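Q: Dropping a structure here in structure tokens format, bear with me for questions.
The values are calculated or read from the model by the stated rules, or taken from the named source; none is laboratory data. These numbers come from a predicted model, not from an experiment. Positions of Cβ are generated from backbone atoms using ideal geometry, with glycine treated the same way; all protein chains shown enter the neighbour counts. Please note that ligands, DNA and RNA were not included when accessible areas were found on the heavy atoms of the full protein model with its side chains. Shrake-Rupley method; radii C 1.70, N 1.55, O 1.52, S 1.80 Å.
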Amino acid sequence: MTDPIKKPRPLWQVIPGDLLLACLCLTLFCLVHHGYNWFGRVYRELFITPAATHSVLPRTVCPEEGWSAPGAAARSSYFSALQVDAPTPEEPEEEPVPDNRTEWQIRFADHFTDEVVTTENSYSSPDISITITEHIALEGEYHESHYYVADVYVSCIECFRSHLANNTFGLYETQNIMDMALASSALLAMTGDFYSYQYSGLMVRNGFLLRDSYTDSDICVLYKDGTMETLRKGDYSKDELIQRDDIWQLWNFGPALLDADGSIPTYYNTSDTVSFPNPRSSVGYYEPGHYCFIVVDGRMDNWSYGLELPDLSRIYYDLGCKAAYNLDGGGSAVMVFDGRTISRQSNGGDRELGDCLLIGEPSLYDERSFPQHGEVQ
């Protein structure tokens, strides 16, 4: 039996059915497409972006490209979080710059300068500070005396040196102080104890023991640590002193101008000739690294009379020094600074000296050039 012949459907039935099928397919495609996008967004929010951004992300403007991009703020937060959480590489620590200054340079830093600075009456460098001032002391009703104070700071003990006339150790050696200052590269120089006209006494210069005989005079000792003290007869043992290796300078003239406690003495271990008003040279001590030189003009009518020892002691006491010592004076008293004479020698400036105290840059000191041996007979 044959199948009956199928008749085609009328057109009015075919077109609505095809349209309905097409709409169903389009609807299914849209649902699948939007569902995929929604699922991807939820996945990114839950598993990629930080927890703080689990919300509908606002549309923000990307400043680099000028377009509005959803999730830009979340991506920024995400990368910020990565930067915070990631270990920061340690930067190498800078090595501290070593402080090569000496103890005295640190203590007196306000007085030193990085470069050399000079004026008519001052000098400063990384190692030395010198300031010179002139003063007038009244002596009685009609007399006045001019004196000069050199306030000195040094970075090390090698700045505070001695120099012998003609760089020679021996009796009767003398030389003009300006020539000695030039030969020793001195910035500041002052009369010493005129050792070359003394036949006895202790003597240490720049750390070298040059004479070790006994003396009745007060002595002044400058130690290598910068401390200074004056010692009277009976207050020290000569044998113990010459065995010490920490003495930098030892002068033999005197007298001491201050007692051991820094007060003005009630008596002076010296002769009447030295006690009279005279031109004077002297050295004072504040603390290690800080000293002063004082020279007094005298024996000059209408200019300067000279000072007695108590007057000079009073000056050091008022300055606050802890120790002070009288050196050779009279016509020998003189101070030079930076190549010129500051004071006025009473004999017109023609007296030569046996030695001098000086302040000079440490780099210019060479102990090999200093006379280290010899005997004064």
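Q: Roughly to the nearest percent, how much of the accessible area of the stretch 104-205 is carbon and sulfur, given a 1.4 Å probe?
A: 49 percent
Q: If you don't mind, another one. Give, rounded to the nearest 20 debye, the magnitude of the charge dipole that the stretch 248-361 has about its Cα centre when Lys and Arg contribute +1 at Cβ and Asp and Glu contribute -1 at Cβ.
A: The dipole magnitude comes to about 100 debye.
Q: Going by average Cβ density within 10 Å per residue, which order do the peptides 169-180, 305-316, 195-206, 92-103 take, highest to lowest?
A: Ranked by mean Cβ neighbours within 10 Å, highest first: 305-316, 195-206, 169-180, 92-103.
Q: So which aspartates and glutamates pass the test for Lys238, namely a Cα distance under 13 Å, with those fewer than 8 places away in the same chain ruled out?
A: Asp212, Asp216, Asp218
Q: Ok, one more. Taking θ = phi - 60°, what integer Hz values does the Karplus form 6.51 cos²θ - 1.76 cosθ + 1.60 yield along the stretch 324-332, in sequence order, with x for Gly and Pro?
A: Residue by residue, the stretch 324-332 yields 7, 9, 7, 10, 4, x, x, x, 8 Hz.
Q: How would Val283, Val116 rank on accessible area, largest to smallest, probe 1.4 Å?
A: Val116, Val283
Q: I would also like to ask the following. If you wrap a convex hull around the alpha carbons of the stretch 233-377, what volume per residue comes out, as a whole number of Å³?
A: 170 Å³
Q: Sticking with this one: How much area per residue is accessible in the stretch 190-301 when the probe is 1.4 Å and only protein heavy atoms are counted (Å²)?
A: 39 Å²
Q: Okay, next question. Can you tell me what the convex hull of the Cα atoms of the stretch 99-188 projects to on average, as an area in nm²?
A: Quarter of the Cα hull surface area: 9.1 nm².
Q: Rank by packing, highest mean first: peptides 265-276, 207-218, with packing defined as the count of other Cβ atoms within 10 Å averaged across residues.
A: Listed from highest to lowest mean packing, they are 207-218, 265-276.
Q: Separate question: Output the Kirkwood hydrodynamic radius of the stretch 299-361, Cα pairs only, in Å rounded to one decimal.
A: It works out to 13.7 Å.
Q: So if I average 1/r over every pair of distinct C-alpha atoms in the stretch 151-192 and take the inverse, what Kirkwood radius in Å does that give?
A: Across the stretch 151-192, the inverse of the average 1/r is 11.3 Å.
Q: What ranking do 250-257, 364-371, 183-190 get when scored by the average of other Cβ atoms within 10 Å per residue, highest first?
A: Top to bottom by mean Cβ count within 10 Å: 250-257, 183-190, 364-371.
Q: Could you work out how far the C-alpha centroid of the stretch 172-236 sits from that of the stretch 315-340, in angstrom?
A: Each part reduced to its Cα centre gives a spacing of 14 Å.
Q: From the residues Met178, Val116, Gly201, which one has its Cα farthest along the dipole of the stretch 93-241 in the positive direction, the dipole being from +1 and -1 charges on Cβ of Lys/Arg and Asp/Glu about the Cα centre?
A: Of Met178, Val116, Gly201, it is Gly201.
Q: For the stretch 329-372, report the translational diffusion coefficient in µm²/s to the nearest whole number, using Stokes-Einstein at 4 °C, 1.567 mPa s, and a Kirkwood Rh over Cα pairs.
A: So the translational diffusion coefficient is about 104 µm²/s.
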